[in-house]
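**Q** I'd like to ask you about the structure that follows.
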Amino acid sequence: MRQLINLRVNGESYETLIKPNNTLLEVLRENLGLVGTKEGCNCGDCGTCTVLVDGKPILSCLTLAKKMEGYEITTIEGLAEGEKLHPIQQAFVERGSIQCGFCSPGMILTGKALLDYKARPTRDEIKKAIGGNLCRCTGYVKIFDALEDASNKIAAE
Amino acid sequence: MRIPDINYLEPDNLDEALRLLEVYKNSVEVVAGGSDLLVQLKNRTSSASHLVDLHKIKSLNNIVFDSEKGLKLGATTTLLEIIRNEVIKENYPALVEAAEKVGAFQHQAMGTIGGNLCLNTRCWYFNQSARWRKARPICLKMGGDVCHVVPNSRDCYASYCGDTAGILIAYRAKAVVSKNGSQRIIPVEELFTGNGKQPISLESDEIITEIQVSAPKQGQKGVYLKLRQREAIDFPQVGVSLNTVWEGHNCIEARMVLTAVSPKPVIVDEVEKIIVGNAVDSQIITAFKEAAQNSGQPVANMAGGVRHRKKMLGIMAEKALKKVAP
């Protein structure tokens, strides 16, 4: 039986009808039209579906939507302020860290979770933090570079 | 793969959760982080029709430390909360080491200490989608009569792959197990049956509510080593947990636990006889390696050759000993 839930996503409240077995990933994409969050493996092995919940990176494919009532959810759509990209997004663009772009939303949000916790992580700490986000295109080096750039920029602000 | 229709329940207090587990006994699963259970639901390797989610029960999420009484961890304390807790880092660094090796950042943010302990056993032939498994006879773990790993076996050889169990057992930690109307406290090692099909000894109306670790002793040193294919995401192919206490160069207490090489964590009993009362020398190291290698029986149910994993037991036991020895 469907039930009405209230989700806070990117600072806005959404009321939507869901079934108890709907995952957060399904509801973000299919109910709310926020298709920036991607489905990769659908079983928690790739990090593509990563969103932030109260600032922590979680796998939306393995999270029930109903469970998320009362939490603050941030998707990739919530990072930019109008036309102004978040420093991490800007760094990804400038460093060429995006090829097909499929891993990028999850990668950027995991990076944000790290930089929100630690202002200037070491390169090893960056590698460890995004270890759960797979990329088949870039070979990761430019992603590490972008996150280092972003951390320096954010720390300087 | 979609999760099947389920009755999803979110009690906001422990008594209500325990009452629901009693009401729906045998058709209910408990969920905290859900990073393993939801995959099982998608794969149809779990057939629960009710889920009791513990995330609203604040009393289960806490960290309390006393320098004399030790550490108490609420069962839904996340692995990330453990990793980032300065008191745990200082007093139980090997536990932090183990929690940091679980999955990746996301799994640590979602996963809980209780959930990690109660991880289901794993096997190549079990951890697959329903469609994949349909191509083969039903295995022992799924209620059939065939083991695809050990031919003609009557026992399930699925491996226990939780990362934090080994070091908690090495610390001689205890688990508080609660059901409606009662509570018991057991050594963590008694959570595990050794039966690959039903690896956790809890009844379906019981949950772990707390983990208790005694205060660290002077000269205590522990370590958790994990062999896995990649540096993140993967479950262990071999896990070696070692906790020791030293007076000068002499070891006065030691416990080593192996994971991923058996349906339950394996306490290597000979380790105490080999090392307690002694300093580390080449003879001790050789005996240590042999004891570890002889105690684990990896089978071909995961990536990584069986002979390689067996050999790594000894190599990792030596590495672990050298890391903790003064």
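**Q** Summarise the partner chain shielding of A:54-63 as one whole number: the mean count of Cβ atoms from other chains within 10 Å of each residue's Cβ.
**A** 6
**Q** Give me A:I130, B:I63 ranked fewest to most by other Cβ atoms within 10 Å of their Cβ, as a rough exposure proxy.
**A** Working: A:I130 28, B:I63 15.
If I rank by nearby Cβ atoms, fewest first, I get B:I63, A:I130.
**Q** Would you please give the residues with an amide H less than 5 Å from that of B:I252, counting only those at least 5 places away or on a separate chain, with H modeled from the backbone geometry?
**A** HN-HN under 5 Å from B:I252: B:V245, B:W246, B:E247, B:G277.
**Q** Rank by packing, highest mean first: peptides B:181-190, B:221-230, with packing defined as the count of other Cβ atoms within 10 Å averaged across residues.
**A** B:221-230, B:181-190
**Q** By Kyte-Doolittle mean hydropathy of at least 0.5 and Cα axial length of at least 18 Å, which whole DSSP H helices of chain B are selected?
**A** Both cut-offs are met by no helix.
**Q** Calculated from DSSP H runs of 4 or more alone, at -39500 (n - 2.57) each and per residue, what is the 222 nm mean residue ellipticity of chain A, nearest 500? Before the final figure, lay out each step's value.
**A** Values: 4 runs with 46 residues, N = 157.
Only helices count here, giving -9000 deg cm²/dmol.
**Q** Kirkwood Rh, Cα Rg: Rg to Rh for region B:21-109?
**A** Dividing the radius of gyration by the Kirkwood radius yields 1.05.
**Q** Connecting C-alpha atoms closer than 10 Å in a GNM of chain B, tell me which of B:E210, B:E97, B:E86 has the biggest fluctuation.
**A** Fluctuation is largest for B:E86.
**Q** Within 10 Å of each Cβ of A:124-133, how many other protein chain Cβ atoms are there on average?
**A** The per-residue average across the peptide is 4.
**Q** Expressed as an acute angle from 0 to 90° and rounded to the nearest 10, what is the orientation of the C-alpha long axis of helix A:104-117 relative to the principal long axis of chain A?
**A** The angle comes out near 70 degrees.
**Q** Something else now. Do you know the relative contact order of chain B, to the nearest whole percent, from alpha carbon pairs under 8 angstrom that are 6+ apart?
**A** Relative contact order, chain B: 16 percent.
**Q** Considering region B:139-222, what Rg and Dmax in Å follow from its alpha-carbon atoms?
**A** 16.2, 51
**Q** Please report the net charge: other residues with Cβ closer than 11 Å to the Cβ of B:R255, K and R +1, D and E -1. Don't skip to the end; give the middle numbers.
**A** Working: positive: B:R172; negative: B:E189, B:E253, B:D269, B:E272.
It works out to a net charge of -3.
**Q** Continuing with the same structure: Across the residues of B:105-117, average count of Cβ atoms on other protein chains within 10 Å? Present the calculation step by step, with values, prior to reporting the outcome.
**A** Working: counts 14, 19, 8, 3, 12, 8, 0, 0, 0, 0, 0, 0, 0.
Across the residues of B:105-117, the mean count of other-chain Cβ atoms within 10 Å is 5.
**Q** Using alpha-carbon pairs under 8 Å, 6+ residues apart, how would you state the relative contact order of region B:83-204 in percent?
**A** This gives 23 percent for region B:83-204.
**Q** How much net charge surrounds B:G115 when only the other residues with a Cβ under 12 Å from the Cβ of B:G115 are counted, with Lys and Arg +1 and Asp and Glu -1?
**A** Net charge in that neighbourhood comes out at -4.
**Q** Same structure, new question: Compute the FRET efficiency between B:S214 and A:K118 as 1/(1 + (r/R0)^6), taking r as their Cβ-Cβ distance and R0 = 45 Å, and round to the nearest 0.05. If you can, show how the numbers build up before the last one.
**A** Working: r = 32 Å, r/R0 = 0.70.
Rounded to the nearest 0.05, the efficiency is 0.90.
**Q** Taking each pair of different alpha-carbon atoms in region A:1-72 once, compute 1/r for the pair, average those values, and report the inverse of that mean as the Kirkwood hydrodynamic radius in Å to one decimal.
**A** The Cα-based Kirkwood calculation yields 12.1 Å.
**Q** Tell me, rounded to the nearest percent, the portion of alpha carbon pairs in chain A spaced more than 28 Å apart.
**A** 19 percent
**Q** Among B:N61, B:N195, B:N278, which one moves the most in a GNM of chain B with springs linking Cα atoms closer than 10 Å?
**A** Fluctuation is largest for B:N278.
**Q** Which whole number in µm²/s is D for chain B by Stokes-Einstein, with the Kirkwood Rh taken over Cα pairs at 4 °C and 1.567 mPa s?
**A** Estimated via Stokes-Einstein, D reaches 64 µm²/s.
**Q** Applying a 10 Å radius around every beta-carbon, put A:85-96, A:117-128, A:30-41, B:261-272 in order of their mean neighbour count, most first.
**A** Values: A:85-96: 18.9, A:117-128: 14.4, A:30-41: 17.2, B:261-272: 21.2.
Result, highest mean first: B:261-272, A:85-96, A:30-41, A:117-128.
**Q** Work through the residues other than B:V223 whose Cβ is under 15 Å from its Cβ and net out their charges, Lys, Arg +1 and Asp, Glu -1.
**A** Around B:V223, the charge tally is +3.
**Q** Follow-up question, since we're still on this one. So what J values fall out for region B:60-68 if you push phi through Karplus, 6.51 cos²θ - 1.76 cosθ + 1.60 with θ = phi - 60°, rounded to Hz, Gly and Pro as x?
**A** Rounded to whole hertz, the list is 8, 10, 7, 10, 10, 10, 10, 5, 9.
Rule-based calculations on the coordinates, nothing more; no lab input. Everything numeric in this text was worked out from a predicted model, so none of it was measured. Ideal geometry is used to build each Cβ from the backbone, glycine not excepted, and the neighbour counts take in all protein chains shown.
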